[in-house]
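The values are calculated or read from the model by the stated rules, or taken from the named source; none is laboratory data. Keep in mind the model is a prediction, meaning the values are calculated, not measured. Reconstructed Cβ throughout: ideal geometry from the backbone, glycine too, with neighbour counts over all protein chains shown.
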């Protein structure tokens, strides 16, 4: 069974998120959330399957957004991360990859 994560982008980037949803089977419909700081995001639930094309698609999508300094918010296993540059994206992806690999080994 795949873990799930929530991926969010600022409302102005909704089309980017909708593109991701179309590429990853099992993703949820985008929904809008407003956080305590008043910032509105569009979010979706995405399955994490390390061995599949979905992982490659998600990883590439996050890295591409970080390269052009577009904020991406990711909630995974109770932790929330925000990527705004390539170094942030790599740290987040490393955390997810290590957690998923340890789940497989258990």
Item to check | Matching residues, the range 23-38, being more than 13 Å from the chain's Cα centre (by Cα), over 21 Å from residue 93 (Cα atoms) and modelled with pLDDT of 85 or more | outcome: 29, 31, 32, 33, 34
Checklist entry - Which of (1) over 15 Å from residue 4 (Cα atoms); (2) free of Cβ contacts under 8 Å to residues at least 12 places away in the same chain; (3) surrounded by fewer than 12 Cβ atoms within 10 Å (Cβ to Cβ) does residue 32 not meet, given it meets every other one? => result (2)
Checklist outcome for this item: Residue hits (the range 64-88; closer than 21 Å to residue 45 by Cβ and either free of Cβ contacts under 8 Å to residues at least 12 places away in the same chain or under 10 Å from the mean Cα position of the chain (by Cα) (or both)) are 64, 72, 73, 74, 75, 76, 78, 80, 81, 82, 83
Next on the checklist: For the range 20-40, give me each residue that is touching a helix residue (DSSP H, G or I) at 6+ places or on another chain (Cβ under 7 Å) and either outside any loop (DSSP other than H, G, I, E, B) or more than 13 Å from residue 57 (Cβ to Cβ) (or both).
Outcome noted: 20, 23, 30, 32, 40
Checklist outcome for this item: Checking 61, 55 in turn, the sole residue that is at pLDDT below 90 and either closer than 19 Å to residue 23 by Cβ or assigned to a helix (DSSP H, G or I) (or both) turns out to be 55
Checklist entry - Of the conditions (1) under 18 Å from residue 4 (Cβ atoms); (2) at pLDDT below 90, residue 92 fails just one. Which one is it? => result (2)
Checklist entry - Here are some conditions: (1) at pLDDT 95 or above; (2) surrounded by 12 or more Cβ atoms within 10 Å (Cβ to Cβ). Residue 41 meets all but one. Which one does it not meet? => result (1)
Checklist outcome for this item: Every listed condition ((1) more than 11 Å from the chain's Cα centre (by Cα); (2) modelled with pLDDT of 85 or more) holds for residue 49 save (2)
